[in-house]
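Undergrad: Before I ask anything, let me first share the structure, which is written out below as structure tokens.
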Amino acid sequence: MTNPYSSGKNYIIAFLITVGIFATIIFLSRSITGQKIQAIKDAQDSIALDIASSETEFSLLSELSCKNISASSLSKELNSMEGKIQYTETNKLTNKEELLKLKKFYFLLEIKDFLLLQKINERCGNQTLAILYIYTMNCEDCTKQGYVLTALREKYPGLRVYSFDHTSDLSALHALLSIYNVPTDQFPAMIINEKVYSGFHSIEDIETAVPELENFLPEEESSLLKTTP
């Protein structure tokens, strides 16, 4: 005969084990959720700080004399911010609405940097070259064009590349695209020296269209080209 006391004891032990497992799962779930929320907050705080810092730097640079301006400093800030936003998106550290808001801040800073670059070029006689790159989501050629522009930026360190998602509802972005008459149905698109290039373009295509890119090679490569017969 089965001992009823023993069976009841086993049920109690099984119940306590089950409760313990559920309690552990709930604790771990809350702990992981808490860490994820903190990671989101840290990422947002870091990007918000970068935005505030960059906006202050915009004001400072616009007031400096030509001899004190370093045209590349702000571009590095934007590249760093771009990496943080991509990391935040890839690791799902924030929701879609917050991510779109971060991107709009970033696009706005890119436009401000582009305008500042034009002002510096005009006032100080600089010849910094910029490419405005417009892409849209779920576009295979846009992905390939992004890789091409990344390779160009690595090959020509002085080149500026500003990337914009056409689906963003940022009014300043659409005003910029309207000024340059960028088609709304042909992507990817690039604006180089105020001329619009629609569709995919290889590195060779861009180098042929923009021969002055040679001026932005690293010094050692530029010197080698000049001395090569």
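The values are calculated or read from the model by the stated rules, or taken from the named source; none is laboratory data. Since we're looking at a predicted model, the values are computed, not measured. Virtual Cβ from ideal backbone geometry, glycine too; neighbours counted across all protein chains shown.
Undergrad: Please indicate, with yes or no, whether at least one residue in segment 114-135 is aromatic (Phe, Trp, Tyr), assigned by TED's automatic domain parsing to the domain that holds Lys195 and either in contact with a strand residue (DSSP E or B) (Cβ under 7 Å, 6 or more places away or on another chain) or farther than 21 Å from Tyr197 by Cβ (or both). Break it down into steps so the answer makes sense when it comes.
TA: Initial filter on segment 114-135 (aromatic (Phe, Trp, Tyr)): 114, 133, 135.
Keeping just the survivors that are assigned by TED's automatic domain parsing to the domain that holds Lys195 gives 133, 135.
Going one step further and asking which of them are either in contact with a strand residue (DSSP E or B) (Cβ under 7 Å, 6 or more places away or on another chain) or farther than 21 Å from Tyr197 by Cβ (or both), we end up with 133, 135.
So far as segment 114-135 goes, yes, one or more of its residues are aromatic (Phe, Trp, Tyr), assigned by TED's automatic domain parsing to the domain that holds Lys195 and either in contact with a strand residue (DSSP E or B) (Cβ under 7 Å, 6 or more places away or on another chain) or farther than 21 Å from Tyr197 by Cβ (or both).
Undergrad: Next up: Does segment 141-157 contain at least one residue that is closer than 16 Å to Tyr106 by Cβ, surrounded by 12 or more Cβ atoms within 10 Å (Cβ to Cβ) and of a type outside the set (S, T, N, Q)? Give the derivation first.
TA: Initial filter on segment 141-157 (closer than 16 Å to Tyr106 by Cβ): 146.
With surrounded by 12 or more Cβ atoms within 10 Å (Cβ to Cβ) added as a condition, the list becomes 146.
Among the residues that remain, those that are also of a type outside the set (S, T, N, Q) are: 146.
Yes, segment 141-157 contains at least one residue that is closer than 16 Å to Tyr106 by Cβ, surrounded by 12 or more Cβ atoms within 10 Å (Cβ to Cβ) and of a type outside the set (S, T, N, Q).
Undergrad: Kindly list the number of the only condition in (1) outside any helix (DSSP H, G or I); (2) modelled with pLDDT under 90 that fails for Arg153.
TA: Just one mismatch for Arg153, condition (1).
Table: residues versus (1) part of a strand (DSSP E or B); (2) touching a helix residue (DSSP H, G or I) at 6+ places or on another chain (Cβ under 9 Å); (3) free of Cβ contacts under 8 Å to residues at least 40 places away in the same chain.
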position	(1), (2), (3)
Asn121	no, no, yes
Tyr133	yes, yes, no
Lys144	no, no, no
Ala172	no, yes, no
